[in-house]
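One structure is given below, encoded as structure tokens.
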Amino acid sequence: MDERMVIQQFFIPGIAHSSYLIGASGTCAIIDPARDVDRYLEAAKDLGLMITHILETHLHADFVSGHMDLAEKTGARIYAPKSGSCSFEHEPVGDGTQFSVGGIRFDVLDTPGHTPDGVTYVATDLSRGEEPVAVFPGDTLFVGDVGRPDLFPGQARDLAAHLHESLHTKILTLPDHCMLFPAHGAGSLCGRAMGSMRSSTIGYERRFNGALKIADREEFIRSLTEGMPPAPDHFARCSEINRRGPALVRTLPAIRPMKPAEFRERAAREDTIVLSVNDYASFGGQHVPGSYHIDLGGNFSTFAGWVLPPESEILLVADGPAQAEAAAVMLRRVGLDLTVGYLEGGTHAWAMAGYPTGHVPQVSPAEVHGMIAEGGAALVDVRTPEEYEEDHVAGAVNIMVTDLRERAAGLDPLRPVVVMCRTGHRSSLGCSILKQKGFLNVYNAAGGITAYRAAGYT
């Protein structure tokens with residue numbers, strides 16, 4: 001039996017979530033698992049390892065964890081922060097907790113800051129010596145950044161102070177060669193300026209991480225409590241789901257194909273929404289009236305969790321069964337568990353049934369420029385304020401796409417509206433929201449400001 005330590009990383013784009021398998025001597029632990037757990041079962045089988053431990057670093061805010069599903073499938077014990085007050089059966093851990101997985105010793109550190117309940121797992125490969133070789137800090141320390149402390153109303157300053165202590169009196173006391181494996185990377189909203197590398201070392205971060213270079217404690221607190229990006233709606237919801245223990249995936253409704261007549265009847269219910277997941281050009285060509293549009297090619301899970309009502313049943317419009325299944329998995333990652341069906345045959349079948357369709361014209365940079373120059377159309381830039389300040393089209397109104405749900409009332413529904421983002425994905429979501437709110441002449445800037453610049457406009 002191979003006693004050497006093995007570490008395998010699993011990365012989910014969009015939510016930029018990293019989870020890990022770490023094991024030796026025939027057994028392994030899974031750290032911060034995603035909800036679709038088959039990846040871990042397959043990896044452990046390929047490596048000849050048995051999953052015996054499931055380690056949670058904190059109550060994750062941006063995704064629903066797979067600890068319950070993985071425990072049921074493997075019989076592994078769940079280890080979770082004592083301060084998280086989790087409702088499911090688990091082994092509570094905190095400062096001083098120590099346990100072994102094969103030939104690997106884990107020492108637990110309480111590291112609150114990003115959340116009140118964060119812990120860090122420090123791994124020592126006993127086959128090689130007594131010095132720590134790897135650290136799994138969850139969202140306390142990232143490559144190039146640290147966890148944001150502002151997700152809990154009224155606690156941002158206190159948590160930032162705790163974060164400073166967790167970093168400087170605990171994590172940064174580890175040796176420089178200790179490998180760092182965070183729970184998120186660039187693209188996640190759990191931090192502000194994460195690097196694109198998916199792992200690092202303590203020594204590298206000590207030298208190059210900008211947040212760690214802020215020596216003054218008060219300045220560190222200020223830097224993390226001002227100018228942070230908005231937190232999506234589902235962050236608080238997912239934390240509570242993870243604390244209670246998510247519903248097992250096998251107990252959730254299976255999505256099934258629906259003929260246009262059944263789909264139309266079901267979509268008319270007040271507790272049901274329609275979500276189109278195909279690309280924005282297809283949505284613009286024709287779509288089921290009143291539907292949301294979130295392109296699978298964008299940051300699908302995050303924006304779905306942010307804008308879709310969690311209590312509603314979801315009907316999907318997709319390009320086929322495989323795309324619908326993929327969307328259902330990505331919706332479950334953010335706690336949207338009520339996806340019940342998809343339109344069999346897509347919008348083509350809907351149109352063939354004689355039902356009305358909606359349209360969003362996709363306009364080129366030249367067309368956008370012309371509509372603005374003529375002065376008849378309003379240009380709404382739905383990127384973040386930071387993106388907007390960096391570069392925007394003169395005269396554009398900046399309303400972040402998720403804010404259109406409340407702020408659309410400030411726009412004239414009778415005036416043509418061109419919606420722009422960076423590439424055309426978020427703006428298509430914005431168009432779908434405006435259409436729901438009665439705006440008649442809505443246009444999507446295809447390619448976004450990226451295409452606008454490429455065409456020579458500034």
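Residues that are open to solvent by 30 Å² or more (accessible area, probe 1.4 Å) and either in a loop (DSSP other than H, G, I, E, B) or in contact (Cβ under 8 Å) with a residue 40 or more places away in the chain (or both) within the range 390-410 comprise Asp391, His392, Ala394, Gly395, Arg405, listed in sequence order. Among the residues of the range 233-277, those identified as among the small types (Gly, Ala, Ser), assigned to a loop (DSSP other than H, G, I, E, B) and touching a residue at least 60 places away in the same chain (Cβ under 8 Å) are Gly245, Ala247. Residue-level check: of (1) on the phi > 0 side of the Ramachandran plot; (2) open to solvent by less than 10 Å² (accessible area, probe 1.4 Å); (3) of a type outside the set (Phe, Trp, Tyr), Gly48 misses just (2).
Residue-by-condition table, conditions (1) in a loop (DSSP other than H, G, I, E, B); (2) of a type outside the set (D, E, K, R); (3) at pLDDT 95 or above; (4) open to solvent by 20 Å² or more (accessible area, probe 1.4 Å):
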site: His53; (1), (2), (3), (4): no, yes, yes, yes
site: Val64; (1), (2), (3), (4): yes, yes, yes, no
site: Lys73; (1), (2), (3), (4): no, no, yes, yes
site: Ala80; (1), (2), (3), (4): no, yes, yes, no
site: Asp95; (1), (2), (3), (4): yes, no, yes, yes
site: Ser100; (1), (2), (3), (4): no, yes, yes, yes
site: Arg105; (1), (2), (3), (4): no, no, yes, yes
site: Val108; (1), (2), (3), (4): no, yes, yes, no
site: Pro116; (1), (2), (3), (4): yes, yes, yes, yes
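Restricting the range 198-254 to residues that are among the acidic types (Asp, Glu) and in contact with a helix residue (DSSP H, G or I) (Cβ under 8 Å, 6 or more places away or on another chain), the residue that is surrounded by the most Cβ atoms within 10 Å (Cβ to Cβ) is Glu205. For the range 288-303, a residue qualifies if it is within 19 Å of Arg266 (Cβ to Cβ), open to solvent by less than 30 Å² (accessible area, probe 1.4 Å) and not β-branched (Val, Ile, Thr), and the qualifying residues are Ser291, His293.
Scanning the range 4-26 for any residue that is at positive phi and touching a helix residue (DSSP H, G or I) at 6+ places or on another chain (Cβ under 8 Å) turns up at least one such residue. From the list Arg157, Arg198, the lone residue that is assigned to a loop (DSSP other than H, G, I, E, B) and charged (D, E, K, R) is Arg198. Scanning the range 2-17 for residues being within 27 Å of the chain's Cα centre (by Cα), surrounded by fewer than 23 Cβ atoms within 10 Å (Cβ to Cβ) and not hydrophobic (A, V, I, L, M, F, W, C) gives a total of 4. Of the residues making up the range 225-235, none is of a type in the set (S, T, N, Q) and out of contact with any Pro (no Cβ under 9 Å at 6 or more places or on another chain). Can you tell me which residues in the range 118-131 are open to solvent by less than 30 Å² (accessible area, probe 1.4 Å), more than 13 Å from Thr57 (Cα to Cα) and not acidic (Asp, Glu)? Hits for the range 118-131 are Ala123, Thr124, Gly129. Being hydrophobic (A, V, I, L, M, F, W, C) and in contact with a Gly (Cβ under 6 Å, 6 or more places away or on another chain) is the filter; apply it to the range 120-144 and report the residue that is farthest from Pro33 (Cα to Cα). Per the criteria, the residue is Leu126. The set of residues from the range 335-371 being β-branched (Val, Ile, Thr) and surrounded by fewer than 20 Cβ atoms within 10 Å (Cβ to Cβ) comprises Val340, Thr357.
Counting the residues of the range 412-445 that are open to solvent by less than 30 Å² (accessible area, probe 1.4 Å) and in a loop (DSSP other than H, G, I, E, B) gives 3.
Candidates in the range 179-191 are the residues that are surrounded by fewer than 19 Cβ atoms within 10 Å (Cβ to Cβ) and outside any strand (DSSP E or B); of these, the one that is modelled with the lowest pLDDT is Gly187. Checking Thr384 against (1) β-branched (Val, Ile, Thr); (2) over 27 Å from Leu315 (Cα atoms); (3) open to solvent by less than 10 Å² (accessible area, probe 1.4 Å); (4) in contact (Cβ under 8 Å) with a residue 60 or more places away in the chain, which test does it fail? So Thr384 meets the others, but not (3). Count of the range 132-160 residues, restricted to those that are hydrophobic (A, V, I, L, M, F, W, C) and either closer than 21 Å to Ile30 by Cα or surrounded by fewer than 19 Cβ atoms within 10 Å (Cβ to Cβ) (or both), is 9.
The values are calculated or read from the model by the stated rules, or taken from the named source; none is laboratory data. Small disclaimer: the values here were computed from a predicted structure and weren't measured. Note that each Cβ is placed from the backbone with ideal geometry, even for glycine, and that neighbours are counted across all protein chains shown. Remember, those area values only see protein heavy atoms, side chains included, never the ligands or the DNA or RNA. Shrake-Rupley method; radii C 1.70, N 1.55, O 1.52, S 1.80 Å.
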